[in-house]
1. Once the piece of chain linking Val377 and Gln240 is laid out straight, how much longer is it, given 0.36 nm per residue of separation minus the C-alpha distance between them?
2. Once you treat every alpha carbon in the range 121-254 as an equal point and sum by Debye, what is log10 I(q)/I(0) at q = 0.13, 0.19, 0.21 Å⁻¹?
3. Taking θ as phi - 60°, what are the ³J(HN,Hα) couplings along the range 263-275 by the Karplus curve (6.51, -1.76, 1.60), each to the nearest whole Hz, with x for Gly and Pro?
4. Kindly express, to the nearest 10 degrees and within the range 0 to 90, the angle between helix 438-447's C-alpha long axis and the longest C-alpha principal axis of the chain.
5. Obtain the nm distance between the two label points defined at Glu321 and Asp27 by a simple spin-label model: each point lies 7 Å from its Cα along the Cα-to-C-beta direction.
6. Compute the long axis of helix 36-46 from its Cα atoms, compare it with the longest principal axis of the Cα atoms of the chain, and write down the angle in degrees, 0 to 90, nearest 10.
7. So which lysines can Lys182 reach, going by Cα to Cα under 23 Å and dropping same-chain residues fewer than 8 places off?
8. Compare the Cα positions of Leu329, Leu305, Val119 along the charge dipole of the chain (+1 at Cβ of Lys, Arg; -1 at Cβ of Asp, Glu; about the Cα centre) and return the one farthest towards the positive end.
Amino acid sequence: MSSLPALLLVDDDEEIRGQMKWALAGDYHVLEASDRPTALAQVKQAMPGLMLLDLGLPPDVEGASEGLAILRGALQINPLTKIIIITGNSDRSKAIAAIQSGAYDFIEKPVQLDVVKVVLQRAQYLANLERENRTLSQQAGQSEFEGLVGSCEPMQAVFHVIRRVAPSDVPVLITGENGTGKELVARAIHRQSQRKDAAFVAINCSAIPDTLIESELFGHEKGAFTGAAQQRKGRIEHAQGGTLFLDEIGDIPLPLQVKLLRFLQDHEIQRLGGKDSIVVDTRVIAATNVDLQSAIRGGRFREDLYYRLCVVTIPVPPLGERQADIPLLARAFLLRCVDEQKKSIAGFTSEAMAALIDHPWPGNVRELENRVKRAVVMAEGRYITPSHLELSSAGGMEGEAVTLRGQRENREKDVVRLAMEKTNGNISRAAAELGISRPTLYQLLDRYGLKKPKQEG
Ligand SMILES: Nc1ncnc2c1ncn2[C@@H]1O[C@H](COP(=O)(O)OP(=O)(O)OP(=O)(O)O)[C@@H](O)[C@H]1O
Ligand SMILES: [Mg+2]
């Protein structure tokens, strides 16, 4: 079998097929078909990644019905096939119909072979990208631990500590900026522990007014204060046998810190207005996004409570320190959203991925998750672009083109730019790389306002 990528040519005109085959056989393993049954049989048999398809085929030479039927049939067999439509230049509506049915691109007659080559090259590039995306998502399966995605060294270290501390009952303090995944880490510890079948009870100490937090944590007896019409168990009691997660522990009022410390020492509580001591067996995990050391120095946090809580400390690194995980995380969120919203998005363009990696992410993983979610809502095509993410493209590619032609030109420009970058601006090598003549490359550089090297190397 040929190691070249397979390309299926579907055209009823033998002469055109001959010309195309002659021009493309050096780069592709070219297959041919002149009608629907042959074309679909070839798709089934050889699974070509690329197809050039003339829409006007017998019995509907003037219309597009036969071509569109091949298009749909082929995508049903292999949804990843990149199908490029060949249309007459007055057939804009047919081209649009084809794109709506899932064609990758269209080329107008009379066909210019260098345009065909660039479009095919770009399609092949995207096909590779899809394959990489799939590999990434498979890797995501391996580098996911209890809902935490991460394969970089700092996250692997976090997973390692979680596994080590989970079986014991020691308190754990999780530190890190907003949105880094502290709550997920707490839940992972719980799920890896013997307590996993009992409750995981979370309380966000910063979200509850100071006046209510005591009764929220410790519960109260009937009549303990005005409005306490019923006896009520607190969150600590609800976590009996399980795990209590004290989120934003730095915001807990000082008087309550004393009471909490006593509970951590004795494993006993008294409800507000109650006299009996209740023994509670729960594991305590706390989280904070403030520097507790400086809160101690500022007199806002008790040192003795701090030392009780921080027997094991897990610092969760900000997303900016684990750039290598951004593609994995983005991909995981994409899959999740695509599933929820029933959209058929194949992945991120390379520009979008580059923009994601370059963004500083002050809101950390939560911000990344929200961006991807919004992009999935906004996206119409098969790929998420920098503009869907509302991030400027790292490569400086302009905003999205609205027209089909504009979209194609964007891709063309991109391929040309990549070739120039790859060859360090060497026109001869870039032209060879693109499979076009040097004059054509000069024209393309002009058309897209790309920099021309001063001297040819
Ligand atoms: N490593 C990760 N893998 C997958 N999803 C993650 C990861 N880290 C965080 N998330 C997701 O990001 C969001 C924020 O995570 P989480 O609530 O755990 O962060 P946090 O540190 O507790 O944030 P805050 O300080 O704002 O409360 C959640 O939707 C969570 O599912
Ligand atoms: Mg949190």
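1. Length difference between fully extended and current span is 45.2 nm.
2. Taken in order of the listed q values, log10 I(q)/I(0) reads -0.70, -1.12, -1.24.
3. 4, 5, 7, 9, 6, 9, 9, 10, 5, 4, x, x, 10
4. Roughly 50 degrees, rounded to the nearest 10.
5. Distance between the two pseudo-spin positions: 4.6 nm.
6. 50
7. Partners within reach: Lys196, Lys373.
8. The one lying farthest along the dipole's positive direction is Leu305.
The values are calculated or read from the model by the stated rules, or taken from the named source; none is laboratory data. If you're wondering where the values come from, they're calculated on a predicted model, not measured in any experiment. When we count neighbours, we look across all protein chains shown, and the Cβ atoms used for this are built from the backbone with ideal geometry, even at glycine. Note: areas computed on protein heavy atoms with side chains; ligands, DNA, RNA excluded. Shrake-Rupley method; radii C 1.70, N 1.55, O 1.52, S 1.80 Å.
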